[in-house]
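Each reported figure results from applying straightforward, stated rules to the coordinates on display, with no laboratory input. Computed from a predicted model, the values in this text were never measured in an experiment. Don't worry about glycine lacking a Cβ; one is built from the backbone with ideal geometry, like all the others, and counts go over all protein chains shown.
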Amino acid sequence: MLRFIGGLIRPYRRTLAIIFLAMLVETLMSLATPWPLKIILDNVIGNHKMAPWLHHILGPLLESGSRLQVALIAALLYVIIACLGAIASYIDNYYTESVGQYVAHDLRMRMYNHLQRLSLGYYNTHQTGTILSTLTTDIQTIQGFASSSTLNILVDMLTIVCMLGLMFWLNWDFTLIALAVTPFLLLFVSRFKKAVKAATKEVRKEQSQIVAVVQQGLESMQVVKAFGQEGTEEEMLSAVSHATVAAALKARSVKALLSPVVTITVAACTALVLWRGAALILAGTMTIGSLTIYLAYLSRFFKPVKDLATTTNAIAQVTIGAERVREILDTDTIIPEKPDGLEPQTLQGAIEFQHVAFGYDPAIPILTDVSFKINPGEFVGIVGPTGSGKSTLVSLLPRFYDALSGDVLIDGNNVRDYKLKPLRDQIGYVLQETVLFRGTIFENIAFGRPSATREEVVAAAKLANADEFITRMPLGYDTLVGERGSTLSGGQRQRIGIARVMVRNSPILLLDEPTAALDSESEKLVIDALQKLMRGKTVIAIAHRLSTIRDASQIIVIAEGVVAENGTHDQLIARNGIYAELHRTQFDTGPNTLIS
């Protein structure tokens, strides 16, 4: 964990050096604070000898009877010490906040960059709410520790050493009292640490569940309301919230024990010093000023000890946070990319699958041995029973996943030999349900190619049959759409999605049942837009409605992990196999086809 934190703060080591120097000045001023009071008690009010170094400075004033001048100098010294401490504290806090914010920013961007590079398989097995919790709460915990707590620990340790030296110089036998207690205190803290970490880990786990439940409920609000399940969602949140409260109360019972133990220990040591100091003052072997300054140092000595003890809680929290962050950063499901990978300018669209096998869980294969060829500019349909792996098959082309075995080729090159972004730039994807982002319609269409001009976006929208409803909106292309496009109909979202792909003008087009959820009128408009989009491109269409691929140059039937049948519509009907059976089960195949 320390190496991990060290790596985060290393780029800011110069600023940290300034913070450390400011903390040292704060510590020195803290050590100097009791001395003006000692001078007044012992040398202005009393008649005790000064330390040789102090007598050299103030002795002449005392000898001339100017005790009030010495008191004034002591008072001014107190103000100077306070001012220096305040300036150092300002510098410390100012730069600490800066380092903390930048460390959080760096780590947040590092995590998000890593998450963007992970395969889709990672998101199939991890809750989005838990990831969001790590990106926010855990990074915030690390931010505070990395910027201040690490240096505070160093300064506290240095303060303890300096104070021990001064306390031994003032009265060595008193100091032994503090030293005798310290090992027992540290032993208690070390045993306390494991319990705090376990309790903190449970709290963070339950807090992540709260985020996950709320995030899921808000994303599915329409479904929740449609089925009248608001009460169920509230019960789910109540359950995880109560679990969080229970975990937090358990952690509280552990954490709450530390401060009283330290406080009682400090009080016992202070009482012993008071009793022993009073006896020494009455015997004339110790001054009131010396006892006062010793008591001040004793309380300050236990403060860094107490801080180090209570830091156990902070260390436990940051350890859990760092573990959760590193769990994401250490995830190795990143799609590998060759440094010298190919950067295609324009793909021709020749596609070949050679004995491809794949499964989200390697022990449970979905595709076992898939082989077929597609020529450039060819329109190919893919059909098969539900769960046969049709969508999985096409997701191997843009490398959302990598095949477990076999090869996927585009223009004769393995897709693994291409660089990811240039490869995906050459592939257009129209999903069954287009996902829109919160923003304007223009921004959503240009999402596929942010450099697209206004004219190019409008031209793509016209080809996609979307311009007619966009121009009727109050702000036209600058109209804001709701989150995930909730303010638009399904057909409108699909046409914007098609326009988004059109503006990219990719040579390979993947259609994943883009009309399956549409009504007849919307389907006609979307199919017309798709016909324009498909011209001159290699097209792979996953079809539920077999009428949409009737005129495909070849239809590939996937069943039981292999290519069960392959041919034209007429050939497959004549074969009377799986495709023919699927065809017979569809009572109304519809009058429309993608290609007339």
³J(HN,Hα) across the range 381-393 via Karplus (A = 6.51, B = -1.76, C = 1.60, θ = phi - 60°), whole Hz, x for Gly/Pro? x, 10, 10, x, x, 4, x, 7, x, 5, 5, 4, 4
Could you give each residue of the range 271-286 its phi-based ³J(HN,Hα) in whole Hz, using Karplus coefficients 6.51, -1.76, 1.60 with θ = phi - 60°, and x for Gly or Pro? 4, 5, 5, 4, 5, 5, x, 4, 5, 5, 5, 5, 7, x, 9, 8
May I ask you to list the trypsin sites (Lys or Arg not before Pro) in the range 499-584 that are in a DSSP loop and have at most 15 other Cβ atoms within 10 Å of their Cβ? 535
Taking θ as phi - 60°, what are the ³J(HN,Hα) couplings along the range 7-24 by the Karplus curve (6.51, -1.76, 1.60), each to the nearest whole Hz, with x for Gly and Pro? x, 6, 8, 4, x, 10, 5, 5, 5, 5, 5, 5, 4, 5, 5, 5, 5, 5
List the residues whose amide H sits under 5 Å from the amide H of residue 559, counting only those 5 or more places along or on another chain, with H placed 1.01 Å from N in the peptide plane. 564
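Identify the chymotrypsin sites (Phe, Trp or Tyr not before Pro) of the range 352-394 meeting these criteria: DSSP loop state and at most 16 other C-beta atoms within 10 Å of the C-beta.
Here the chymotrypsin sites (Phe, Trp or Tyr not before Pro) that fit, given the DSSP loop and packing criteria, are 360.
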Compute the separation of the alpha-carbon centres of the range 521-559 and the range 453-473 and state it in Å as a whole number. 22 Å
